[in-house]
Amino acid sequence: MADGEYTAYLVIESNTASSLDVVPVVLTVFDPNTGAGDAPRVFRLDGNAPNPFNPMTTVSFSLATAGRATVDVLDLQGRVVRTLFAGDLPAGVRALVWDGRDDAGREVASGAYLARLQSGGRTATHKMILAR
């Protein structure tokens, strides 16, 4: 495959009566002849661990290029609960800890939340479960 990004969709089906889950997948193809020790430049939100979590979790991600990045925690209505990071970062792999609190320092309720990574005009989200 030629260098670049390719988008595909992963369809997840189960034996339950729930609807299909469709997950967009981005495949990044790069030149394997990079120097020894060079990490591939990839924009990716790896998600969080542990998941479910209580009381804290680590959100891991990777940036393809240096620049402005924002990592937010959203409720399922899309409202920002907490901004974990907003600023400039170099390319590479990063990790941030969320302690289950909102921007005002209050503990948030148990339930589902979204981690959202935005950088370079791209956005990725990942579902997280807080179980108090």
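The values are calculated or read from the model by the stated rules, or taken from the named source; none is laboratory data. What you see is a predicted model; the values in this text were computed from it and never measured. Every residue, glycine as well, gets a Cβ built from its backbone with ideal geometry; the counts of neighbours run over all protein chains shown.
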Would the range 92-113 turn up any residue that is in contact (Cβ under 8 Å) with a residue 60 or more places away in the chain and either closer than 17 Å to Leu45 by Cα or in a strand (DSSP E or B) (or both)?
no
Note on the range 26-52: residues at pLDDT 75 or above and either charged (D, E, K, R) or under 20 Å from Gln118 (Cβ atoms) (or both) are Val42, Phe43, Arg44, Leu45, Asp46, Gly47, Asn48
Starting from residues that are surrounded by 16 or more Cβ atoms within 10 Å (Cβ to Cβ) and within 17 Å of Asn48 (Cβ to Cβ), keep the ones in the range 76-93 and report whichever is nearest to the chain's Cα centre (by Cα).
Leu84
Does Ser19 meet the test of being surrounded by 12 or more Cβ atoms within 10 Å (Cβ to Cβ) and modelled with pLDDT under 95?
no
